[in-house]
Amino acid sequence: MHTYEAKKFNLPKLDGISEKSVEEHLGLYAGYVKNFNAISKLTAELATADMEKNMPAVSELVRRRSFEFGGMRLHEHYFEQFEGGAKPVSDEAFKKLLEDTYKPMDCERVMKAIGGMRGPGWAILYWDPVAKELLTGFSGEQHQGHFVTLPILLALDVWEHAYLLDYGAAGKGKYLDAFFKNLNWGVVEKRFAALK
């Protein structure tokens, strides 16, 4: 069975997101990796020991496993987006796609509106390779509400742990501003380019 390891990220000092907040957030990410590995191991042990007897426990572990995996992968997307420092959209074709998709608004405003909704979760920008269009969505927790099979271009964490330390319970809006101030759109563009 494969054992997952927490990735290391080369993060610059972020404007409006403190080093302490990043440190705590990275610790939470590492917890998702650890819990995914532990659940995977325990599920296999229980299933091979006595599947019939252990079915209730195995069933619940299997359901919980996707929560831990989603938390692991979405946080990897999230932190990668800060590597290399803040950069605007530079690819003209991608810029046009964003503009055409979100006019008269823009992608940042749409993502902030989705991220600003009540409740924890993730505001996500997806690419649908079949329809050849961008889609924005919200995943409550991280294993629910996804557009199944669609690749993620941009992942915006709006769980309270992402902003509570810096901005308090009512500070989600300030955090959203800080997120986009630090976002390296080049990472998003590379994800998109890899799908073509």
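The values are calculated or read from the model by the stated rules, or taken from the named source; none is laboratory data. Since the model is a prediction, treat every value here as computed from it, not as a measurement. Cβ: placed from backbone, ideal geometry, glycine included. Neighbour counts: every protein chain shown.
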Name every residue in region 55-101 that is of a type in the set (Gly, Ala, Ser) and either at pLDDT below 95 or at negative phi (or both), in order of residue number.
57, 59, 66, 70, 71, 86, 90, 93
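Would you confirm, using the coordinates I've provided, whether residue 97 is in a helix (DSSP H, G or I) and aliphatic (A, V, I, L, M)? Break it down into steps so the answer makes sense when it comes.
Working: in a helix (DSSP H, G or I): yes; aliphatic (A, V, I, L, M): yes.
Yes, satisfied.
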Looking at the structure I just gave you, is residue 126 within 17 Å of the chain's Cα centre (by Cα), surrounded by 15 or more Cβ atoms within 10 Å (Cβ to Cβ) and more than 23 Å from residue 189 (Cβ to Cβ)?
no
Among the residues of region 87-120, which ones are under 19 Å from residue 157 (Cα atoms) and crowded, with 16+ Cβ neighbours inside 10 Å?
107, 108, 110, 111, 112, 114, 115
All but one of (1) of a type outside the set (A, V, I, L, M, F, W, C); (2) touching a residue at least 24 places away in the same chain (Cβ under 8 Å); (3) part of a helix (DSSP H, G or I) hold for residue 85; which doesn't?
(3)
For region 103-196, which strands (runs of 3 or more DSSP E) that fit wholly inside it have 1 or more residues that are over 24 Å from residue 68 (Cβ atoms)?
121-128, 133-140
Tell me the residue from 38, 49 that is without any contact (Cβ under 8 Å) to a residue 12 or more places away in the chain and in contact with an Asp or Glu (Cβ under 9 Å, 6 or more places away or on another chain), please.
38
